[in-house]
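Before any comments, here is the structure.
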Amino acid sequence: MLAVVLTLFIITRVAVERLEHNHYKQRADLYRYSKIQKGDIVFLGDSITDGGCWDELFPGLNIKNRGINADDTVGALARLDDILCCGPSALFILIGTNDLNWWNYRHDKEILANYHEILRRCKEQSPDTKVFVESLLPRTKRYANHLRMLNIHLEKLAEEFDYTFINLFPHFADENGALKAEFNNDHLHLMAPGYALWVKLLTPYLDSIRKK
């Protein structure tokens, strides 16, 4: 029985990975075709970013959503040239939670090295772009301490490159460090109240861009 269960699990996981891989290639290809324009505000990330209708949540701003389901720091780094090539005015980055999944796990040193390279290339290829490093959001309780430590390192990386760090984590976490129940239905992705809070937290930064 155990062998059957394991076989079914492996088959299911392979099928899901194939679907995710195909979806990823579809979205990445579309984003290469639909070019970033000079002055755009870009949101780069995974499914959490992808789930936000940012141009509707921040009307009147030239926002481009460049989130892709299941993306990680490796994927974001691979897509970076297509974002930086045309000089966006601002780049909001939220990436890294998928690097912690057991089937795609990366050690913190690798995650932070990838993130360091992302920020280095931002500084080198598009020095006039305002870059905002957003902390990783909470997940289940067992991820809490790990995410807090990663966020401390992300804040240090942002300081190293003179970029702005936005600490979202404490606003979304409950007393155990898990994603608050009212913000999600799967311990990871956001429902409308979560996006509403995210908008509230980002509004001062977008207002500062709007005024320039």
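What's the long-distance tail for the chain, i.e. % of Cα pairs beyond 20 Å? The answer is 58 percent, as a whole percent. In terms of distances greater than 21 angstrom between alpha carbons, the cross-link table entries K109/K180; K109/K200; K141/K180 yield K109/K180; K109/K200. For the pair L61 and K38, what calculated FRET efficiency results from E = 1/(1 + (r/R0)^6), where r is the Cβ-Cβ distance and R0 = 22 Å, to the nearest 0.05? Here the calculated transfer efficiency is 0.90. Beta bridges from DSSP with both residues in the range 66-212: antiparallel share about 20 percent, rounded to the nearest 5.
For the range 62-80 versus the range 103-142, the spacing of their alpha-carbon centroids is 11 Å.
Per-residue ellipticity at 222 nm, computed for the chain from helices alone with -39500 (n - 2.57) per DSSP H run of at least four residues, works out to -16500 deg cm²/dmol. In the chain, the longest principal axis of the Cα atoms and the axis of helix 108-125 are about 20 degrees apart.
The share of C-alpha pairs in the range 41-108 whose separation exceeds 20 Å stands at 30 percent. In the chain, the longest principal axis of the Cα atoms and the axis of helix 2-33 are about 20 degrees apart.
Please give the net charge around D50, taking every other residue with its beta carbon less than 10 angstrom from that of D50, where Lys and Arg add +1 and Asp and Glu add -1.
Overall, the nearby charge balance is 0.
Amide H contacts under 5 Å for I63: I41, restricted to partners 5 or more places along the chain or on a different chain, H placed in the peptide plane at 1.01 Å from N. To the nearest 10 degrees, how steep is helix 73-84 against the longest Cα principal axis of the chain, on a 0 to 90 scale? For 73-84 against the chain, the angle is about 30 degrees. Straight-line cross-link partners of K25 among the lysines, defined as a Cα under 20 Å from its Cα and at least 8 positions apart when in the same chain: K35, K64.
Label sites at Q26 and K156, each approximated as a point 7 angstrom past Cα along Cα to Cβ, lie 4.1 nm apart.
Any read-out appearing in this document is the output of simple, stated calculations on the displayed coordinates, not a laboratory observation. This structure is a prediction, so every number in the text was calculated from the model and none was measured. Cβ coordinates were reconstructed from backbone atoms using ideal geometry, including for glycine residues, and neighbour counts include every protein chain displayed.
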